[in-house]
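Asker: Questions regarding the structure given below will be posed in turn.
The values are calculated or read from the model by the stated rules, or taken from the named source; none is laboratory data. Everything quoted here is computed from the prediction, not taken from an experiment. Backbone-built Cβ (ideal geometry, glycine too); neighbour counts: all protein chains shown. In case anyone asks, the SASA skips ligands and DNA or RNA and just uses the protein heavy atoms, side chains included. Shrake-Rupley method; radii C 1.70, N 1.55, O 1.52, S 1.80 Å.
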Amino acid sequence: MRVSSSVGLGVVCTVSALALGAFGAALYLAPATPPALADPTAVKTVPVATVPFADERPVELQLTFNAPVQITSPVDGVVTAFRCTPNGALDSASTSLSIDGMPLLTIATPTPLWRDISPGDTGADVQGVQDFLNGRGGDLTADGTAGPRTIAALVKLARATGQPDPSTTTVQRAALLWIPYEGAPVSKCSAALGQAVAAGTEVATVAGGLRGADVDLRGQELLPGAREISVSGESFPLDEDSRVRDPEVLARIVETPAYREALADGASSLKVTMALVEPVEAASVPPSALVNVGPGTGCIVTADHGAVAVEILGSKLGQTLIRASDGELPGEVDIRPGNDVTCD
């Protein structure tokens, strides 16, 4: 049986029409290209994101110390116990030295203890004792005037260290071993077990206390503004000249684990982090948006082709942090501005 050519041609045309229709429908129904898969060269501008900038940076904190301090026996007698190790520490609120079997209470105060203290006595030595006791759970008014509560708090601590019958009416100098600050590191142990000592005899030498701390800023350019340092996760304010001289701030630094580790290692500096107390507002842009880049400066181009001079503050997560040298930044920035851009 023969099929006419006209019938065959009709079948071919019908099949072709169906195929073209299916192709057209596929084109019509095909989803748009997702933005994430779009040609990156088609992106010309991006929004300018604003972020806080604290100018955080690692720095070296140089430490300066007072002269070494001699620790002396407060009483005549024979050394019957002495826990002292070079590079160790004489711990306060405990006993390190016993004379004639009497354990001496180790007490840390800025002012050396030089007398017996009775109710009504006043002075820096009295306030030092009160501050010391308050640091160990006392609830005293540290006004530098001794009262019954000051005596009672010290008696309680002395008994806890093993003194069998401390005076309940006065703070007896002969029952106390004075050190200049908490955890004073020992550089030399002078007394030995069984040695006869007189009041005022050196039994040990400890490192002098922290006198000051200075941030080494050589070769660094800084934004204006008050700064602080972070030591062991705690923040400490810096003076205008990037130093620490406030005795209260220095006392807090001495209490940090980082300082204690440095002191134990014989180091004279600490690695710390420095940052602005109040962060400034910065803009985050792709590095490609910057042209005419110089030391700390550059240009960006706005979406309407205007040029803006900027300060380069730093970088973070692959973005450059900037702020306008004068005026405000645009809402969008050209990320392929070309190299023929000039800023006034």
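Asker: How big is D for the stretch 117-162, in µm² s⁻¹ as a whole number, if Stokes-Einstein is applied with the Kirkwood radius of its Cα pairs at 4 °C and 1.567 mPa s? Present the calculation step by step, with values, prior to reporting the outcome.
Answerer: Values: Rh = 10.3 Å.
Calculated translational D: 125 µm²/s.
Asker: Please list Arg252, Arg159, Arg323 in order of solvent-accessible area, largest first, computed with a 1.4 Å probe with all protein chains present.
Answerer: On the way: Arg252 90, Arg159 130, Arg323 65 Å².
Largest to smallest exposure gives the sequence Arg159, Arg252, Arg323.
Asker: A further question on this structure: With every protein chain left in place, what is the accessible area per residue of the chain in square angstrom, probe 1.4 Å? Walk me through the intermediate numbers first.
Answerer: Values: 19260 Å² over 344 residues.
Solvent-accessible surface per residue comes out at 56 Å².
Asker: In whole Å, what is the distance between the alpha-carbon centres of the stretch 77-134 and the stretch 276-320?
Answerer: A separation of 59 Å, based on Cα centres.
Asker: With a cut-off of 8 Å between alpha carbons and a minimum separation of six or more residues, what is the relative contact order of the chain in percent? Provide the component values of the computation, followed by the final result.
Answerer: Values: 642 pairs, mean separation 77.5, N = 344.
Worked out over the chain, it gives 23 percent.
Asker: OK, next. Kirkwood Rh over Cα pairs of the stretch 274-338 into Stokes-Einstein at 20 °C, 1.002 mPa s: D in µm²/s?
Answerer: Details: Rh = 12.1 Å.
D = 177 µm²/s.
Asker: Taking the chain as a Gaussian network, Cα atoms linked when under 10 Å apart, which of Ser73, Ser187, Ser167 shows the biggest mean-square fluctuation?
Answerer: Ser167
Asker: If you don't mind, there's one more thing I want to ask. Just to confirm a number: summing +1 for Lys and Arg and -1 for Asp and Glu over residues other than Val69 whose beta-carbon lies under 13 angstrom from that of Val69, what do you get? All intermediate terms of the calculation are to be shown ahead of the outcome.
Answerer: On the way: positive: Lys188, Arg211; negative: Glu202.
It works out to a net charge of +1.
Asker: What part of the accessible area of the chain, given as a whole %, is carbon or sulfur when the probe is 1.4 angstrom? Don't skip to the end; give the middle numbers.
Answerer: On the way: 10700 of 19260 Å².
Answer for the chain is 56 percent, counting heavy atoms of protein chains only.
Asker: Taking the Cα centre of the chain as the origin, how large is its charge dipole in debye, to the nearest 20, when only Lys and Arg (+1) and Asp and Glu (-1) carry charge on their Cβ atoms?
Answerer: Values: 22 positive and 39 negative charges, 248 e Å.
Dipole about the Cα centre, nearest 20: 1200 debye.
Asker: To test your reading of the geometry: what angle, between 0 and 90 degrees and rounded to tens, separates the Cα axis of helix 124-134 from the longest principal axis of the chain?
Answerer: The two axes meet at around 60 degrees.
Asker: Along Cα→Cβ, 7 Å out, is where each label goes; now give me the distance between the ones at Ala142 and Ala196 in nm to one decimal.
Answerer: Reported label-point gap for Ala142 and Ala196 is 4.2 nm.
Asker: Excluding Thr302 itself, what net charge comes from residues whose Cβ is under 9 Å from its Cβ, given Lys and Arg +1 and Asp and Glu -1?
Answerer: Values: positive: none; negative: Asp304, Glu332, Asp334.
Residues near Thr302 contribute -3 overall.
Asker: Based solely on C-alpha atoms, express the radius of gyration and the Dmax of the chain in angstrom.
Answerer: Computed over the Cα atoms of the chain, radius of gyration and Dmax are 37.6, 139 Å.
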